[in-house]
């Protein structure tokens with residue numbers, strides 16, 4: 001019966017092909033959306049949990065946007081007074097507080113913008129993924145610079161080389177190069193904090209203060225105390241992750257509604273194809289009934305045909321999602337601010353199984369009525385169409 005079902009589907013290759021394309025497109029959309037949601041969640045969780053930062057002091061404004069920009073190496077339009085660092089380090093619950101000053105230097109001739117970050121040695125305690133290449137050393141003087149792996153490749157610099165910044169008119173010596181970490185640090189230029197403050201005319205100003213506590217259980221009380229810092233506000237990494245995930249879930253719900261519409265349209269194409277097939281094959285089905293085929297046999301034949309179309313369409317959809325995933329992810333990143341590094345769309349076996357099951361279920365449901373109609377066909381009435 002499976003061979004007969006395949007032969008019937010091949011009778012109208014154009015119609016069958018269009019139906020398969022409709023199902024494949026719907027499953028591909030669903031797989032891409034499910035993969036994106038899971039990939040974004042995993043990427044955000046990996047970045048925040050691997051940073052060693054439990055909360056952050058940022059300027060007054062939107063705390064989550066400010067904290068996310070700092071974590072991703074983006075600049076802010078406002079800054080903190082340097083005195084805020086003293087308040088943080090004086091808190092009994094704080095074990096490490098790393099000040100940062102970030103500034104962007106546009107380089108339109110080269111089509112890029114360099115991001116420079118002023119730090120002190122405290123930052124090393126909050127960057128567990130930092131590993132220096134051979135010959136590297138921490139800032140020996142105020143004219144030293146540490147390059148991320150990508151920045152060093154772009155500038156064609158090695159440890160010990162000189163680096164001239166034409167936009168600021170300053171020359172630095174590369175004292176260290178970071179091993180590639182897959183984070184935003186790879187593309188950054190790190191300076192001594194005081195050098196950055198002088199170079200960007202931000203004396204006694206900071207972009208943010210990254211904080212680690214002695215005990216995570218002290219987070220609530222410490223946040224309440226540090227929230228009183230003048231001109232600043234506190235944001236915890238847990239709160240920020242929860243806020244971003246809530247936003248992602250809201251968008252994901254809307255996109256899944258679109259995917260549901262696509263799946264429904266795919267199901268309707270299967271329904272239309274199967275119903276047209278039953279009408280066209282009325283005489284043939286009548287002959288099968290006349291020579292002894294039962295109603296159950298016809299019902300099963302049509303059900304197998306719809307299941308085959310749905311299964312093949314779902315498989316093609318998963319292949320399509322895997323092929324266009326990188327290109328789609330590149331487009332999504334342009335409209336997703338502060339997206340985590342790494343792959344956002346990962347077609348996991350769980351997602352593939354879920355999408356295939358949905359596609360198969362929709363195909364079976366769509367083919368149910370045509371199969372019932374074929375099973376109820378009376379031989380005498382069918383033979384009249386000959």
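The values are calculated or read from the model by the stated rules, or taken from the named source; none is laboratory data. Values in this document were obtained by computation on a predicted structure and should not be read as measured data. Glycine gets a Cβ as well: all are built from the backbone with ideal geometry, and neighbour counts include every protein chain shown.
The one condition from (1) assigned to a helix (DSSP H, G or I); (2) modelled with pLDDT of 75 or more that residue 333 does not meet is (2).
Count of segment 131-157 residues, restricted to those that are over 27 Å from the mean Cα position of the chain (by Cα), over 20 Å from residue 118 (Cβ atoms) and assigned to a helix (DSSP H, G or I), is 0. Can you tell me which of 195, 168 is assigned to a loop (DSSP other than H, G, I, E, B), closer than 30 Å to residue 232 by Cα, touching a residue at least 60 places away in the same chain (Cβ under 8 Å) and in contact with a strand residue (DSSP E or B) (Cβ under 8 Å, 6 or more places away or on another chain)? Just a single option satisfies the conditions, and that option is 168. Mind checking whether some residue in segment 286-297 is closer than 20 Å to residue 361 by Cα and surrounded by 20 or more Cβ atoms within 10 Å (Cβ to Cβ)? Within segment 286-297, none of the residues are closer than 20 Å to residue 361 by Cα and surrounded by 20 or more Cβ atoms within 10 Å (Cβ to Cβ). Each residue in segment 117-163 was checked for being in contact (Cβ under 8 Å) with a residue 40 or more places away in the chain, farther than 14 Å from residue 177 by Cα and touching a strand residue (DSSP E or B) at 6+ places or on another chain (Cβ under 6 Å), and 8 pass. Every listed requirement among (1) exposed (fewer than 14 other Cβ atoms within 10 Å of the Cβ); (2) farther than 16 Å from residue 371 by Cβ; (3) at pLDDT below 80; (4) not assigned by TED's automatic domain parsing to the domain that holds residue 125 is met by residue 279 save one, (2).
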